[in-house]
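The values are calculated or read from the model by the stated rules, or taken from the named source; none is laboratory data. Only a predicted model underlies this, so the values are computations on that prediction, with no experimental measurement involved. As a convention, Cβ positions derive from the backbone with ideal geometry for all residues, glycine included, and neighbour counts pool all protein chains shown. What goes into the accessible areas is simple: the full protein's heavy atoms, side chains included, and nothing from ligands, DNA or RNA. Shrake-Rupley method; radii C 1.70, N 1.55, O 1.52, S 1.80 Å.
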Amino acid sequence: MTRILITSALPYINGVKHLGNLVGSLLPSDAYARFMRMRGAEVMHICATDEHGTPAELAAAAAGEPVEAYCARLHEVQKSLGEGFRLEFDHFGRSSSDRNHRLTQHFAKALFEQGLIYEVTEQQMWSESDGRFLPDRYLEGTCPNCGYERARGDQCENCTKQLDPTDLINPRSSVSGATDVEARETKHLYLKQSALQEQIRAWIETKSDWPVLATSIAKKWLNDGDGLRDRGITRDLDWGIPVKKGDEDWPGMEGKVFYVWFDAPIEYIAATAEWADAHGKSEADWRRWWREDEGARDVHYVQFMAKDNVPFHTLSFPATIMGSGEPWKKVDFLKGFNWLTYQGGKFSTSQGRGVFMDQALEILPSDYWRWWLLSNAPESADSDFTWEGFQSGVNKDLADVLGNFASRVTKFCRSKFGETVPEGGEPGEAEAALAVEIDTRLKGYAAAMEAVEMRKAASELRGLWVAGNEYLQHAAPWSVFKTDEAQAAMITRTGLNLAALYATVSRPFIPDASDALAGAMGIAPNGAWPESAAVALSQLPAGHAFSVPENLFRKIEDAEREGWEAQFEGAAT
RNA sequence: GGCGAGGUAGCUCAGCUGGUUAGAGCGCACGACUCAUAAUCGUGAGGUCGAGAGUUCAAGUCUCUCUCUCGCCA
């Protein structure tokens, strides 16, 4: 059996994610996983919260909570919102898990033994009042180049000059405003990514089927300036994974933690181990997904992420696992997404601009969002969320085309034949033509999903729904019924079977509606992918009982759309 | 500034290795139907494919220049 490992980029812990984050990895990853399961593949679908780093500490402080408690709470919030959007992960883990601690420390040791880790002594800014070292971007001061007073420690936004924190005149902490900051000497571990550059380049060059977005970003970094640079993998923070060499202490590194970029992707692996722990599985059960020497050689690994994450997945994480010298599974297909913009601008957490996952679920069920976001996913370029586009897409596609189809066919049958599939009549030319159309669409839909092209897949799925309306319109059982009841029964039976087919194949996009429709049609909610139109259209035999579903989708009214437009515009523009 | 991605019907976008009258959805106009969530189905109008030059028998599709938009720069 085909085995597919799917990971979605890890949402960062510091707050509820917005629609852009949702469509940039979580949602397409879920649709793809559902599709592959339906096709009979063995799927491992993994995600987790990314919990370490300064932003988490600051968010916890702002919330007045210890960082561990804050992360635990936000993890539950994100987990339940994911469930609200029907994201079906085999495991939704935490990068702060014990498993990730051990694996991260394991990788550090392996890399050290391969000679790929070295120590660097450097100056870093210490804030006495904050009682901590400050990352470069949390320092503010006057730019020595242009005199701009709010330059950051890593760069001046005014003159764009790259800076070192020690360059700043009158430096202060942008966390607390404290001015008692000073440069102190500190030691950090660096990963010798430069030594892995050619190995990574050779690997990337074999990936001719990746979206250009992914390969062009990777190649840019490989070719930029001096090529791939070494990177620090440790930080002077409290919250994180303690720097250790496997389970041994690392002399000179006491009190330090691994840098979040280093431990976060390792959590993909660790979360799979967490899955094993949570389900009473063995070590071998998770390792067969990740270790090529323990069964992962025939695994197809697909990653989903937004474009800002591409460098970490094409360069940093591969450097970690290649450099370990151990046969860990590397990504086979990487799907990167552009940004979703909101009404022509950016989503803004600080200004409350745009729709966030919790708010979205408060105003409409998840299917509405899933459908619009996936059918408009920012695949080839950024795409824009507008309330008008959302309203029109939902009303037209879901309510009018699919929802109304289910209504018209079931209600017609109920009024003429009752709530069982009617018998009689023989399929003819129209049904043959319908079957050809359905077969073509099913093939197109499956091909698009296999290629991870969400918009195209959505359009093929919509085409399947439209084919049902076309068929009914032309076959017109309401007219035929007046002269030939058996023929009308056959047409109606075909229509009911179409509804059952839609219940099955729509699931990757709109799982709740699929459940509702499957329930009404009296079929199992987890039906397998149809082998052919002929099989699908004879699934419901004469005499099979069904019921008329509640309206699958309601329409979005102009007034409520306008209300939401105002509600989510945010404080300022 | 460097790099990347884009500029195709009113709107949102498809158009693979260059090849018949440039496509889809929405919107719009007209028509059909009346089973259905005033839903559906059909027909049609609408584009100098950002601008200019070049290569070619042939360019939205390749090359160069210019221009506008968006993003990234650890």
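Values for this structure:
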| read-out | value |
| --- | --- |
| Residues of region A:545-560 satisfying the condition of being farther than 28 Å from residue A:393 by Cα and buried (at least 17 other Cβ atoms within 10 Å of the Cβ) | A:546 |
| Qualifying residue in region A:415-429 (condition: within 10 Å of RNA strand B (Cβ to nearest atom), more than 30 Å from the chain's Cα centre (by Cα) and either surrounded by fewer than 19 Cβ atoms within 10 Å (Cβ to Cβ) or of a type outside the set (Asp, Glu) (or both)) | yes |
| Residue check, residue A:418 assigned by TED's automatic domain parsing to the domain that holds residue A:511, closer than 18 Å to residue A:548 by Cβ and small (Gly, Ala, Ser) | yes |
| Unique residue being part of a loop (DSSP other than H, G, I, E, B) and in contact (Cβ under 8 Å) with a residue 12 or more places away in the chain when the list is A:503, A:528, A:520 | A:528 |
| Selection within region A:199-231 - closer than 18 Å to residue A:330 by Cα, within 12 Å of RNA strand B (Cβ to nearest atom) and acidic (Asp, Glu) | A:209 |
| Residue identified as among the charged types (D, E, K, R), open to solvent by less than 30 Å² (accessible area, probe 1.4 Å) and closer than 28 Å to residue A:5 by Cα among A:367, A:397 | A:367 |
| Verdict on residue A:262 being at pLDDT below 95 and farther than 23 Å from residue A:233 by Cβ | no |
| Which numbered condition residue A:167 fails, given (1) under 23 Å from residue A:260 (Cβ atoms); (2) over 32 Å from the mean Cα position of the chain (by Cα); (3) within 16 Å of RNA strand B (Cβ to nearest atom) | (1) |
| Qualifying residue in region A:269-290 (condition: free of Cβ contacts under 8 Å to residues at least 60 places away in the same chain, within 25 Å of residue A:18 (Cβ to Cβ) and open to solvent by 20 Å² or more (accessible area, probe 1.4 Å)) | no |
| Scan of region A:472-487 for residues that are more than 6 Å from RNA strand B (Cβ to nearest atom) and over 19 Å from residue A:406 (Cβ atoms), ordered by number | A:480, A:481, A:482, A:483, A:484, A:485, A:486, A:487 |
| Residue within region A:371-389 that is closer than 16 Å to residue A:549 by Cα, open to solvent by 10 Å² or more (accessible area, probe 1.4 Å), among the hydroxyl-bearing types (Ser, Thr, Tyr) and outside any helix (DSSP H, G or I) present | no |
| Residues located in region A:314-341, provided they are within 14 Å of RNA strand B (Cβ to nearest atom) and modelled with pLDDT under 90 | A:314, A:315, A:316, A:336, A:337, A:338, A:339, A:340, A:341 |
